[in-house]
Amino acid sequence: MLFDCGEGAQRQLMIAGLSIEKISNIFITHMHGDHVLGLPGLLMTMSLQNRRSPLRIFGPNGLKQFIESCLPMIFHQPAFPLDIQEFVGNVLVTSGKNYRVYSYRVKHSIESYAYCFKEDDRPGKFNVEKAEELGIKPGPLRSMLVKGESVRLENGRVVKPEEVVGPPRPGVKIVYTGDMGDTPGFEEFCRNADILIHEATFDESMNAQADELQHSTCIEAAKLAARAGVKRLILTHISSRYGDTSVILEQAKRFFNNVQVAEDFMSIDIF
């Protein structure tokens, strides 16, 4: 999944060693150039690499017209199925095996959305020691128990899932904002997220500019993260005026400690 596709996105993907072919869904927050101008080049590369697998692109009004206007410069007809879906408002954008992606309309100078990737709850932790005590060997019986099914052992004993499997564990939740100013109700959309990736264009000394341009300050992002009970905050979309982003990080940490400033090629493990 790729969220936003600014100019140079495919170059960064290649440098990072990530496969363009494996991208199956692209989510665009809004139609400003720094969030969409990488799409034509990315689509052209997919075509040149003889992609055949389907690609779905989701986003606000204007996305379909933009892509279709670029197609004659890329290819007259893509060799792979290309599905462009525009939506309006706070909706379930798409779902797949064990996950869903939701949208939330946020305040910005044009129609703009944040996205929430929510994984379904995962099975509880399997107690290997208890299973071995009961004589349940690795294999199909253990898989059945993890799926919530009772099993009968060779000695006739019936083992219920709750005897060897802990309670379900919440699936991963990641929220990505794109560009946004203060938006009513957004706190609940972020509630208990494992990762909140939030724009922080300005520091607190530029509150007035942030309000005027409908962007966020690092402190606004940090306060939101604290109120919403998120576990980790990643600040991004920082103005180029900040050659040194330490001021952004220091201000944010006054209100939320587990915060980082995004860097190119940053990789985060989520458990």
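See the values below:
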read-out	value
Condition met for Val158 (in contact with a strand residue (DSSP E or B) (Cβ under 7 Å, 6 or more places away or on another chain), surrounded by 15 or more Cβ atoms within 10 Å (Cβ to Cβ) and among the aliphatic types (A, V, I, L, M))	no
Qualifying residue in the stretch 187-200 (condition: farther than 20 Å from Val101 by Cβ and touching a strand residue (DSSP E or B) at 6+ places or on another chain (Cβ under 9 Å))	yes
Residues within the stretch 37-55 that are free of Cβ contacts under 8 Å to residues at least 12 places away in the same chain and crowded, with 19+ Cβ neighbours inside 10 Å, tallied	0
Search result, residues across the stretch 142-168 that are aliphatic (A, V, I, L, M) and outside any loop (DSSP other than H, G, I, E, B)	Met144, Leu145, Val146, Val151, Val158, Val159, Val164, Val165
Single match in Phe256, Phe202, Phe189 (criterion: more than 29 Å from Ile26 (Cβ to Cβ) and modelled with pLDDT of 95 or more)	Phe256
Hits in the stretch 212-271 (condition: surrounded by 11 or more Cβ atoms within 10 Å (Cβ to Cβ), polar (S, T, N, Q) and assigned to a helix (DSSP H, G or I))	Gln251
Boolean, Gly171 is assigned to a loop (DSSP other than H, G, I, E, B), closer than 17 Å to Ala262 by Cα and within 20 Å of the chain's Cα centre (by Cα)	no
Residue check, Gly8 modelled with pLDDT under 95, exposed (fewer than 15 other Cβ atoms within 10 Å of the Cβ) and small (Gly, Ala, Ser)	yes
Flag for Ile136 being under 30 Å from Ser216 (Cβ atoms) and either buried (at least 16 other Cβ atoms within 10 Å of the Cβ) or at pLDDT 95 or above (or both)	no
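Results for (1) free of Cβ contacts under 8 Å to residues at least 60 places away in the same chain; (2) closer than 13 Å to Val261 by Cα; (3) among the hydrophobic types (A, V, I, L, M, F, W, C); (4) assigned by TED's automatic domain parsing to the domain that holds Val261, shown as yes or no for each residue.
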{"residue": "Ala193", "(1), (2), (3), (4)": "no, no, yes, yes"}
{"residue": "Leu213", "(1), (2), (3), (4)": "no, no, yes, yes"}
{"residue": "Ala222", "(1), (2), (3), (4)": "yes, yes, yes, yes"}
{"residue": "Arg227", "(1), (2), (3), (4)": "yes, no, no, yes"}
{"residue": "Arg232", "(1), (2), (3), (4)": "yes, yes, no, yes"}
{"residue": "His237", "(1), (2), (3), (4)": "yes, yes, no, yes"}
{"residue": "Arg241", "(1), (2), (3), (4)": "yes, no, no, yes"}
{"residue": "Ser246", "(1), (2), (3), (4)": "yes, yes, no, yes"}
{"residue": "Leu249", "(1), (2), (3), (4)": "yes, yes, yes, yes"}
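The values are calculated or read from the model by the stated rules, or taken from the named source; none is laboratory data. Treat the numbers as computed from the prediction; the structure is a model and nothing was measured. We place every Cβ from the backbone using ideal geometry, glycine too, and count neighbours over all the protein chains shown.
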